[in-house]
Amino acid sequence: MVPIEALTIPMFFMFRNIGQVVPAIGLNELGSLVVVHIGFSIPFAVWMLRGFVAAVPVEVEEASKLDGASGFRFTRSILFPLVAPGLVAVSVFSFISTWNDFLFAKTFIISAQENQTLPLAILNFFKPDENDWGAIMAGSVIMTVPVLIFFIAVQRNLVSGLAGAVKG
């Protein structure tokens with residue numbers, strides 16, 4: 001319920017201190033971005049998937065138990081196909097929010113150019129006197145291509161996944 005911007009400064013100090021103990025998760029390390037994005041994506045995914053799982057009737061699970069299916073078999077063969085559109089929708093939202101991240105990357109990757117994300121690399125083309133618009137647009141196209149490929153791969157399931165989120 002707290003805005004992400006309000007959490008950035010405390011996380012900066014947290015990663016600065018953790019980096020002295022665990023160097024892979026400190027400042028200027030991609031591990032800090034991984035931890036932050038996992039920490040923000042999982043609660044969102046749980047909240048969004050709750051509607052999909054709640055929409056599965058309890059009778060379906062009871063029927064699978066009567067047929068002799070184990071809990072793992074029920075999850076793999078019945079529940080997963082029913083909530084797959086929701087998983088696709090959540091994965092698209094999580095991927096796009098992580099891929100387009102600028103705030104955390106700018107805050108935690110201070111000086112290590114080898115660990116810069118693409119939005120930070122595009123920022124290097126903005127100069128005080130003159131912007132290199134050709135490079136900025138080329139970087140923007142390069143940044144858009146993986147999102148388009150991912151979207152094209154999952155577009156069939158995305159529409160049904162978004163419709164299912166409203167049911168719960």
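The table below gives the values:
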| read-out | value |
| --- | --- |
| The chain - accessible surface per residue (Å², probe 1.4 Å) | 65 |
| Helix-only [θ]222 nm of the chain, DSSP H runs n ≥ 4, -39500 (n - 2.57) each, per residue, nearest 500 | -24000 deg cm²/dmol |
| Sulfur and carbon atoms: percent of accessible area, the stretch 1-53 [1.4 Å] | 77 |
| Most mobile listed residue (PRO119, PRO85, PRO128) in the chain, GNM with C-alpha springs under 10 Å | PRO128 |
| Electrostatic dipole magnitude of the chain [Cβ: Lys, Arg +1; Asp, Glu -1; Cα centre; debye, to 20] | 380 |
| Protein-only accessible surface order, largest first, of VAL36, VAL141, VAL21 at 1.4 Å | VAL21, VAL141, VAL36 |
| For ASP132, distant residues with modelled amide H under 5 Å away | LYS127 |
| For the stretch 140-155, Karplus couplings with θ = phi - 60° (6.51, -1.76, 1.60), whole Hz, Gly/Pro x | 5, 5, 4, 6, 7, 4, x, 5, 5, 4, 5, 5, 4, 5, 10, 4 |
| Cα centroid of the stretch 95-149 to Cα centroid of the stretch 1-24, whole Å | 21 |
| Max mean-square fluctuation residue, GNM over the chain, Cα-Cα springs under 10 Å, options PHE126, PHE52, PHE108 | PHE126 |
| For ILE18, solvent-accessible area (1.4 Å; no DNA, RNA or ligand), Å² | 60 |
| GNM result for the chain, Cα springs below 10 Å: residue of PHE74, PHE44, PHE104 fluctuating most strongly | PHE74 |
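The values are calculated or read from the model by the stated rules, or taken from the named source; none is laboratory data. Quick caveat: nothing in here was measured; it's all calculated off a predicted structure. Reconstructed Cβ throughout: ideal geometry from the backbone, glycine too, with neighbour counts over all protein chains shown. Just the protein is used for accessible areas: all its heavy atoms, side chains included, with ligands, DNA and RNA removed. Shrake-Rupley method; radii C 1.70, N 1.55, O 1.52, S 1.80 Å.
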